[in-house]
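A short write-up of the structure that comes next.
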Amino acid sequence: MATRAYILIETVVGRTTEVAQALSKMGEMKRVDPVTGPYDIVAVVEAKDLPALGDLISEELHQIPGIAKTVSCLSVSA
């Protein structure tokens, strides 16, 4: 069963659209929604397991220019 996480993303001012487009190109992304509030984007990602999810976040997501901060929330239900 896949591991799902909700990633709360804060972007650099003026870069939300670029970041959302880059995230949408990632195969593991199931949904990318720009939002209002303390975060700029909420993304839903699925990976085969927790180590794969960690690699995806640290090696791919954090390399996208314009991302200032992320908070990862693991789903606890199927």
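Miscellaneous remarks
- Selection status of A52, touching a residue at least 40 places away in the same chain (Cβ under 8 Å) and either surrounded by 13 or more Cβ atoms within 10 Å (Cβ to Cβ) or out of contact with any helix residue (DSSP H, G or I) (no Cβ under 6 Å at 6 or more places or on another chain) (or both): yes
- Given (1) surrounded by 11 or more Cβ atoms within 10 Å (Cβ to Cβ); (2) not in a helix (DSSP H, G or I), number of the condition L61 does not satisfy: (2)
- The stretch 1-35: number of residues that are assigned to a helix (DSSP H, G or I), touching a residue at least 24 places away in the same chain (Cβ under 8 Å) and either crowded, with 16+ Cβ neighbours inside 10 Å or out of contact with any Ser or Thr (no Cβ under 9 Å at 6 or more places or on another chain) (or both): 4
- Enumeration of residues in the stretch 36-58 that are within 18 Å of E10 (Cβ to Cβ) and either basic (K, R) or not in a helix (DSSP H, G or I) (or both): T36, G37, P38, Y39, D40, I41, V42, A43, V44, V45
- Contact annotation: residue pairs with Cβ atoms under 9 Å, 6 or more positions apart or on different chains, pairing a residue in the stretch 64-78 that is in contact (Cβ under 8 Å) with a residue 12 or more places away in the chain and β-branched (V, I, T) with a partner that is loosely packed, with under 12 Cβ neighbours inside 10 Å and not in a strand (DSSP E or B), are T70/H62.
Values in this text are rule-based calculations from the coordinates and carry no lab data. Just so it is clear, the structure is predicted and the values come from calculations on it, not from any experiment. Counting neighbours? That spans all protein chains shown, and the Cβs are built from the backbone with ideal geometry, glycine included.
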